[in-house]
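Every read-out reported here was derived from the displayed coordinates using simple, explicitly stated rules and does not represent laboratory data. None of these values were measured; they are calculated from a predicted model. Cβ placement follows ideal geometry from the backbone for every residue including glycine, while neighbour counts extend to all protein chains displayed.
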Ligand SMILES: Nc1ncnc2c1ncn2[C@@H]1O[C@H](COP(=O)(O)OP(=O)(O)OP(=O)(O)O)[C@@H](O)[C@H]1O
Ligand SMILES: [Mg+2]
């Protein structure tokens, strides 16, 4: 009896897959494959148009200076997108990422400058390292607030982070006014506050410390997600919270720790942003939330949770930046970039829906 | 036909009561599972089968009554507690994470870390070890058609998923495996395979509680049949002592069995 049952199951596997199914299986196993193809295709198109044809100033696209600039440009979205990825892996979403980042960096900046330049005069003039630590801690705490509200009151992440988006934006304006702190106002603290923007050359390419730190964040978090039990639990909670709970996983604790960790990464991103922009501004990148979600989704992570890889997010970030540079070098209007991103997001979600239906 | 024996139940419930507001789930319910047997639990909808099983597996706490595992009184606060006493449950929903692979699912919630500094400081998982044990466990259970232990569970057929869930329950030194309607969603061949798995587990010395509505299957694998009715145990019979029609009659209250004609002692 069991013999026949085994053969039928074996036959199920034996039936040969069509080429389309093979593609589906490959994408299912390696969700970052499709963004990688998109990235390579974009690079090739821009490079060919630049070398062979006279399109705008695309001949500059493949030059080391442009490549260096593109890489340096990824740091803000790229780092924030790590936080967004771990949240989305739990089938959540974080709309407050930008607001927390700004709040954290304004804390750092206002603590580090002298009392005359600061909006929190009584606390100003701190050791810049202490200022950074407090800023990152505040961002971590802010992530913890998201996590607490989601876990304690069973509220949807979308609603909670929509609320905290407003709250942290308002707090930034109330506490720190709408005042940008310029790089030179940091005076002696500039070395520390701006360190993420410090650049160095390797051959013809220029890199920044911020870029290196971003890559470290990627490597560490990729290891944590794929190499530790916590990471497995993050995937399981996003995949099927009931199954996770019945398997003995404390779902609430995992969710809370994810938002807390996201807050920490957002704090680091705040520091990186000060270095990248050379100042601390309360109105930096208002659409950064959507860009991080875009990077994650284009990178092949499922909005339904439980599947995706950080390397996909990194590729997604590169795609956004390369489209930005490529299209503007080609002399096209900014609207084309927005159009292209829209098409990519919808395609990515469609591909995700398709590969989720995989059957072997 | 009661056999006189000194065997002690591995799981015992005494006078279990559990109500949900005004709805009574269990009403002074008795329960015994003996070592190495397959005990089927049958009953009409709402008879309290799932409630009984949930109290034993730690998913519910009883209002009153005592539960013993290996003659030791227990009070499980969670499924985790039950598991640490060797009581594993395969839920009807299977409780597997579809996007994780077979090995990850087998070890979900009890992952093994590497030895030494890699495991202690860097919390690194010992994936190699977990895959080896998973492979061995599945092949011990005769589930060899699974292509690769790193295949995600969503790519498996219903029967294979069930096999993974059963293998998980049978892998970690468990003594008691509870299965809630394991064949409800399966075809004929896959059901047969799962029934075989249940027999295999029993042959390896485990004690099994099987909830099922499928009488032919119950009569195929069960050593004894616990019939639940209106929140209490109506009778315990065997496939030899009673027919399927008898069991259905007892379930619906059309027939009663005097205690001396029941099989309250172990048959194995
Ligand atoms: N969580 C709950 N809240 C309220 N009532 C419940 C709950 N769980 C069970 N009950 C009630 O307790 C009684 C026994 O239910 P139980 O699920 O144990 O029955 P069952 O024998 O498993 O039935 P089925 O064959 O339909 O699965 C039913 O009247 C049911 O409505
Ligand atoms: Mg039930």
Task: Cα long-axis angle, helix A:33-52 against chain A (0 to 90 degrees, to the nearest 10) - done: 60 degrees
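Show me A:72-82, B:250-260, A:245-255 ranked by packing, highest mean number of other Cβ atoms within 10 Å first. The partial results should precede the final answer.
Working: A:72-82: 26.1, B:250-260: 13.1, A:245-255: 19.3.
Result, highest mean first: A:72-82, A:245-255, B:250-260.
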Open item on the list: Using Cα springs under 10 Å in a Gaussian network model of chain B, which residue among B:62, B:42, B:188 shows the largest mean-square fluctuation?
Closed with: B:188
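Output the direction-averaged projected area (hull surface divided by four) of the convex hull of the alpha-carbon atoms of chain B, in nm². Could you put the intermediate results ahead of the total?
Values: hull surface 61.5 nm².
Taking the Cα atoms of chain B, their convex hull projects to 15.4 nm² on average.
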Open item on the list: With just the Cα atoms defining each centre, how far is region A:314-329 from region A:221-249? Give it in Å.
Closed with: 32 Å
- [ ] Using only Cα positions of chain A, each an equal point scatterer, no hydration layer, compute I(q)/I(0) via Debye at q = 0.06, 0.09, 0.14 Å⁻¹ and quote the log10 values to two decimals.
- [x] -0.25, -0.55, -1.18
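Kindly state, to the nearest 0.05, the FRET efficiency for residue A:152 paired with residue B:244, given R0 = 35 Å and r defined as their beta-carbon distance.
Values: r = 51 Å, r/R0 = 1.45.
According to the calculation, E is roughly 0.10.
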- [ ] For region A:195-288, list log₁₀ I(q)/I(0) at each q in 0.23 Å⁻¹, using the Debye formula over Cα point scatterers of equal strength and ignoring solvent, two decimals each.
- [x] -1.11
Open item on the list: Quick check: the distance between the Cα centres of region B:89-152 and region B:249-268, to the nearest angstrom?
Closed with: 41 Å
Open item on the list: Need one number: % antiparallel among DSSP beta bridges in the protein assembly as shown, to the nearest 5.
Closed with: 60 percent
Task: Residue among B:175, B:72, B:30 with the largest mean-square fluctuation in a Gaussian network model of chain B, springs linking Cα atoms under 10 Å - done: B:72
- [ ] Partner chain Cβ atoms within 10 Å, averaged over the residues of B:191-204 - can you pull that number for me?
- [x] 2
- [ ] Return, ordered by residue number, the residues of region A:275-306 whose backbone nitrogen is under 11 Å from a label point located 7 Å along Cα→Cβ of residue A:180.
- [x] A:277-285
TODO: Measure out, as a whole number of angstrom, how far apart the alpha-carbon centroids of region A:33-54 and region A:134-183 sit.
DONE: 39 Å
Open item on the list: Cut-off 16 Å, label point 7 angstrom out along Cα-to-Cβ of residue B:8: give me the residues of region B:218-242 whose amide nitrogen falls inside.
Closed with: none
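Is the shape of region A:86-244 best called rounded, prolate or oblate, per the rule: a/c under 1.5 gives rounded, else a/b larger than b/c gives prolate, else oblate, with a ≥ b ≥ c the square roots of the Cα gyration tensor eigenvalues? Write down the numbers at each step before the final one.
Details: a/c = 2.72, a/b = 1.36, b/c = 1.99.
Oblate, since a/c reaches 1.5 and b/c is not below a/b.
Rg/Rh for the protein assembly as shown to two decimals, with Rh computed the Kirkwood way over all alpha-carbon pairs. Write out the running numbers ahead of the final one.
Details: Rg = 30.1 Å, Rh = 27.8 Å.
Across the protein assembly as shown, the Cα-based Rg/Rh ratio is 1.09.
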Open item on the list: What do you get for the angle between helix B:188-203 and the principal long axis of chain B? Use alpha-carbon atoms, 0 to 90 degrees, nearest ten.
Closed with: 90 degrees
- [ ] Once you have the Cα-Cα distance between residue B:255 and residue B:72, take 0.36 nm times their residue separation minus that, and quote the gain in nm to one decimal.
- [x] 62.4 nm
Task: region A:260-360: relative contact order as a whole-number percent, Cα under 8 Å and 6+ apart - done: 22 percent
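Looking only at other chains, what is the average number of their beta-carbon atoms within 10 angstrom of each beta-carbon in A:243-253?
Details: counts 13, 6, 4, 13, 13, 10, 5, 3, 0, 0, 0.
Per residue, the number of nearby Cβ atoms from other chains is 6 on average.
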Open item on the list: What does the structure give for B:108-120 when I average, per residue, the other chain Cβ atoms found within 10 Å of the residue Cβ?
Closed with: 3
